[in-house]
Structures are given as C-alpha cells and as structure tokens.
Amino acid sequence: MKLLEYQAKEVLASLGIEIPAGRVAHTPEEAESACRELGPVAVKAQVPVGGRGKAGGIAVVETPEAAHAAAQRIIGMDIKGFKVPLVYCETALEIAREVYLGFTVDRDARANILMLSARGGMDIEQVAEEAPEAIARLYPNPWRGPLDFELTQLVFESGLGEHARALTAVIKKLYRAIPDFDALTAEINPLVITEEGKVIAGDAKLETDENADFRHRDLVEQYGAILETDELEAEAKRRRLTYVSLDGEIGIIGNGAGLCMGTLDLVQRAGGKAANFCDIGGGARAEVVQNAMDVIIMNPRVKGILINVFGGITRGDEVARGLVQARDNLQLKLPLVVRLSGTNQEEGREILKQNGIEPGTSAWEAAQKIVAMAQ
C-alpha cells in the first residue's frame, strides 16, 4: 500500500520523527484557510509518485490568496497519470541543508538497505547514476536491526558527521517502520537540517507490504482509499485479481505469473499488443475467470481476449466448462481464443469447440489467432 505524503508523515510522526505543521485541503478555500492559520506554506499535490515539483505540483506561497490560487491550479491536474484530488498545505521551512534518507529492499542482496546521502532534494536514482559514491549504504542485520556504531559510521561515510547525533536518532526511528508497519520502502527526501540543527522531514514516501495488511487493519481502514493508477486496476483489486493495465488491444488471462508474462511476449511477437496482465492463480474456476473477463471487457480498447491455461491439478475439461459458463454469463461478443494444455486437455478442447470457442493447440498458435481475429 502506497501512502500519500501527508499520510506517510503522520506515520513518521507516530515514530517520533519531527514533521512541519500542515493541513489537508480538498478545495482552494480550505487551502486559503490553512495559509491563514499556518502562515507561508508549501502547497503540495498529493499523488503517490515523485517528480511533483518538476510537474508544477508544488508551490510555495506567502498569502492566503496565493494559496487559494495555487490550490485551484493544482487540484485536478494530471501528474504522471494521476489526477490530483487534494493538496497538503505545509508550513514553509527555513532550510540550511537538504539530505536524503531512506531504506528499501535490495532484492539482489536479499536484505534491507539503508541509504544516506548529503545530496538530498534530488532523485536518488539520479544521484546513484551520476555519483554513486555520494550514497552511503548499510545492510543491517535483519534480526537485531542497525547498531549505534553502524549508524554513526553510515553518517560519517555520507559526509554528514557534524550532524551525527541528530541523524542517527532519526535513522533509528525511521527503521522502526519495518517491524512496526511492515514497510517495504520509506524515504525522506529532503530530510531538512535547519540553521538551529533541527532535523525535520520535508517530504515522505512510505510503502507497506500489502501481504501484511491483516496485521495493520487500522492503517488499511484509515488510509485504504489510496489513489489507483486507473479505474480498471482499482476494480480488479476489489475483486482480488492480480491485474496490471497496459496500453494494447488484446486482453490476457493466464493461470500463473510466468505463463501470463510469456503470453504477453507471444502476442507482441504476433504483431499485437496486450491490454493487460491478469493472473488468476493456479486454478481456473468459472467465478474467477468470469471476474477477470468482466474487468477486461470494461476496457473499450480491448478487441479480443486470449486465455492461456495450464491444467495441472485442475482438469482441462473442468476448466473448459468454467470458461464456457463465464463467457455465457457475460454474453461475451468479443473474439475469444483459449489455449488449454495439461491434464485432460483433449477433452477440454473438444468442449470448447462444441461451444464455439476457438482453441489453440499451442500458445504461439493461440496468440497468432487472437491477433488476426482482433484485427
């Protein structure tokens, strides 16, 4: 679950990290009121992606009237495919220095990695590419977490030794997001150091492991209405489908992530483009297939559907009956090709033929068929 900035900051505050005073504003009038209360503010678009400043989604204003105008401009704008629903009006900070602090999962190392850099305020990917030596890294022991001397060494390696005491305290608090919230990624960029030596979170990103949502019901209930990339992904998520929207015209359903990925490649090779990735899991029950097909046909760009199913424990004839039932329930009018392989595959293919569904004996043949039919 990706939190918006103001939500992530509320979590950081619960961990004892200092954040600026701020107010959420759904309308320009609320932004104006926030500025009257807080003084000069930064009006920030709330979307779960970076690059808001470059896209014009952040404005530092001095007066309530300027806050009203900034919110009016920002609310509703599109930033990397996300429509801005609200802004966060936050007290403007007196910045002496900006640094980067964050952790994520290093999948190559199979461990969490803590990163600290004196070059804050920039995309960390850009820093890593241009000057990787500017990022100090630490792989804490997953059982005990980072020790004080390791954090002190991390701070000095980053060139921020003069702020060692304040920074080590903040890093320890941020790291608590892993055991306390099952966080996969947390970033504070910039982490602001003021003239008085205070360390304040100027921005915040936090992503938690959705597989651990059952342990954080309060967090899900409070922040569960997270912005989705599009309506189809939101609907698929409500139906418990593993679904990703793409920009093609061939709807894809498969029972297994690897099978789906291979099917996407075959459609591309056949001259088509996939409209989605949809993995319905190990089986192919009629209800699940129907849910997947229903979401796919909500996309007006879809001109045909390819279903690639391997019957292992699930028998091919059972899968075929489920597919026929799902098609009939939805009264599907689009071209449909099914590649069915595995246990009882011949019986399953015969059932498909008898019910007017085009079978493919191989995934490549099926991909070619659906691309031709869609064209």
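So the values come out like this:
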| quantity | calculated |
| --- | --- |
| Gyration tensor (alpha-carbon) shape descriptor, the range 21-91, a/c threshold 1.5 | prolate |
| Helix-only CD estimate at 222 nm, as mean residue ellipticity for the chain, using -39500 (n - 2.57) per DSSP H run (n ≥ 4) | -11500 deg cm²/dmol |
| Net charge over other residues, Cβ less than 11 angstrom from the Cβ of Asp209 (K, R count +1; D, E count -1) | -3 |
| Summed residue charge, Cβ within 11 Å of Asp317's Cβ, Lys/Arg positive, Asp/Glu negative | -1 |
| Largest to smallest principal axis extent of the C-alpha atoms in the range 1-143, angstrom | 49, 32, 29 |
| Leu246 versus Trp143: modelled label distance in nm, points set 7 Å from Cα along the beta carbon direction | 4.3 nm |
| Rel. contact order, % - alpha carbon contacts under 8 angstrom, at least six apart, the chain | 12 percent |
| The chain - Debye-derived log10 I(q)/I(0), Cα point model, q = 0.15 Å⁻¹ | -1.17 |
| Using distinct alpha-carbon pairs, which all enter the 1/r mean, Kirkwood radius of the range 97-223 in Å | 15.1 Å |
| Spatially proximal lysines relative to Lys83 (Cα-Cα < 17 Å; intrachain offsets below 8 disregarded) | Lys2, Lys44, Lys54 |
| The range 56-86 versus the range 139-160: alpha-carbon centroid distance in Å | 38 Å |
| Relative contact order for the range 231-374, counting Cα pairs under 8 Å that sit 6 or more residues apart, in percent | 24 percent |
| Exposure rule at most 11 other beta-carbon atoms within 10 Å, DSSP loop trypsin sites (Lys or Arg not before Pro): the chain longest free segment | 145-239 |
| At R0 = 35 Å, FRET efficiency that the Cβ-Cβ distance of Asp108 and Arg301 yields, to 0.05 | 0.45 |
| More than 23 Å apart - percent of Cα-Cα pairs taken over the range 231-374 | 22 percent |
| Dimensions in Å of the range 168-305 - Rg and Dmax from alpha carbons | 20.2, 64 |
| Within-12-Å neighbourhood charge of Ile75 [Cβ basis; K, R +1; D, E -1] | 0 |
| Residue order, fewest to most beta carbons within 10 Å, for Trp364, Trp143 | Trp143, Trp364 |
| Neighbour-count ranking [beta-carbon atoms within 10 angstrom, fewest first] of Thr242, Thr168 | Thr242, Thr168 |
| Exposure proxy order (Cβ contacts within 10 Å, fewest to most) of Phe214, Phe181, Phe82 | Phe214, Phe82, Phe181 |
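Taken together, the values in this text are just the output of simple stated rules run on the coordinates, not laboratory data. All values derive from a computational prediction rather than experimental measurement. Virtual Cβ from ideal backbone geometry, glycine too; neighbours counted across all protein chains shown.
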